[in-house]
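The values are calculated or read from the model by the stated rules, or taken from the named source; none is laboratory data. The model shown is predicted, which means the values in this text are computed figures rather than measured ones. Glycine gets a Cβ as well: all are built from the backbone with ideal geometry, and neighbour counts include every protein chain shown.
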Amino acid sequence: MKQFISVKDVPHINILVKQALAYKASPFLDKTLGANKRIGLLFLNPSLRTRLSTQVAAQNLGMEPIVYNVDKEGWSLEFAEGAIMNGTTVEHIKDAAPILGNYFDILCIRTFPTLVDREIDYSEKIIHQFIKYAGIPVVSLESATLHPLQSLTDIITIQESIASNSNFKNKKPKVVLTWAPHIKPIPQCVANSFSEWMGAWGEAEFVITHPEGYALSSEFTQGATIEHNQDQALNEADFVYVKNWSSYEQYGKVLTTDVSWMMTNKKLALTNNAKIMHCLPVRRNIELSDEILDGPNSLVTQEASNRVWAAQAVLAEILKATSI
Ligand code: CP
């Protein structure tokens, strides 16, 4: 694996999951794999879990991580080819990225979409410009349309839960991705990415439920069952992934904040005693009720903790693939 920006970069999901779980059991298994290697973590947007889990993962492999909050501390970057830079941007990616490629062995980028211009966001211009000009392996820490480290973590968490439950010996789990309300326009990244990974993984019955107007791009949802009736979708679910996203069709718009879509214990009763997932951060009592988040079915802390092992498995694969 020479980069990690989507599931398409992963030859075998289950092998990566197995590696991640090996690191969970023994965090310092490969503590010298990244010795004398430096990893740059560039944040154009805020983060708690992604930032810290990737630093911990890199250090577990013996790498030196350096975090650079471009949005707060850096020059404003220009990404357009041929730009006449007489506006607010100060430095072109063509000039900045090759320098980062010399400073680091792996470059990780977090960037969010504009939620204004769908064509620009879905072209993934920013991360592709870093790949084009840095000349070293690039890892997505969430891009304009995808969050692959989160999705790998989610599959690790589902697999752990399945492994500890004998009911899944002869049956595929039913996994439901449900839209939830939110007060602000939120990217489609987590939902796109989870859908894409579930399709590629293929070891679950996968259902997506959302109100009318919230269909995700079909490039990510192939193979999923789409059900607009949330109660129907939740019937007999084994895992419920709760997430808000803004409209893809009416791009970036909040079309409804219908509270009846919030995940509550009443909704949980419709399921097969489902485990509840969310990538965090979460708006309590908007997306998910306190009773769910603080209850026995919530996997959210385990899920967020697993971010370390997902990142460690990915970084290790890149180090092995690029070692000289
Ligand atoms: N889930 C996730 O990406 O969390 P952060 O935004 O805190 O990194």
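Points to keep in mind about this one:
- Of the criteria (1) free of Cβ contacts under 8 Å to residues at least 60 places away in the same chain; (2) over 25 Å from Glu81 (Cα atoms); (3) within 16 Å of the ligand (Cβ to nearest atom), which one Ala144 fails: (2)
- Across segment 55-75, the qualifying residues are those that are among the small types (Gly, Ala, Ser) and modelled with pLDDT of 95 or more, and the one among them that is nearest to Lys37 (Cα to Cα) is Gly62.
Listed here are the residues, each with its yes/no results for (1) over 22 Å from His147 (Cα atoms); (2) more than 13 Å from the ligand (Cβ to nearest atom).
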{"position": "Pro27", "(1), (2)": "yes, yes"}
{"position": "Gly40", "(1), (2)": "no, yes"}
{"position": "Leu44", "(1), (2)": "no, no"}
{"position": "Arg49", "(1), (2)": "no, no"}
{"position": "Gln55", "(1), (2)": "no, no"}
{"position": "Glu64", "(1), (2)": "yes, yes"}
{"position": "Gly74", "(1), (2)": "yes, yes"}
{"position": "Glu78", "(1), (2)": "yes, yes"}
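- Check on Asn297, among the polar types (S, T, N, Q) and either farther than 27 Å from Thr50 by Cβ or not assigned by TED's automatic domain parsing to the domain that holds Pro181 (or both): no
- Selection of first residues in segment 217-231 that are assigned by TED's automatic domain parsing to the domain that holds Lys174 and free of Cβ contacts under 8 Å to residues at least 24 places away in the same chain and of second residues that are among the polar types (S, T, N, Q) and buried (at least 17 other Cβ atoms within 10 Å of the Cβ), restricted to Cβ pairs under 7 Å at least 6 apart or on distinct chains, gives the following pairs, ordered by first then second residue: Glu227/Thr209; His228/Thr209.
- Restricting Glu303, Glu291 to those that are in contact (Cβ under 8 Å) with a residue 24 or more places away in the chain, touching an Asp or Glu at 6+ places or on another chain (Cβ under 8 Å) and not in a strand (DSSP E or B) reduces the list to Glu303.
- The criterion of at least 3 residues that are modelled with pLDDT under 95 is met by none of the helices (runs of 4 or more DSSP H) wholly inside segment 156-244.
- Pick from segment 93-132, criterion within 16 Å of the ligand (Cβ to nearest atom) and surrounded by fewer than 20 Cβ atoms within 10 Å (Cβ to Cβ), ranking: nearest to the chain's Cα centre (by Cα): Phe112
- Segment 255-285 - residue that is away from the ligand (no atom under 16 Å from the Cβ) and under 21 Å from the mean Cα position of the chain (by Cα) and, of those, surrounded by the fewest Cβ atoms within 10 Å (Cβ to Cβ): Met263
- For segment 56-79, a residue qualifies if it is of a type in the set (S, T, N, Q) and crowded, with 20+ Cβ neighbours inside 10 Å, and exactly one does: Asn60.
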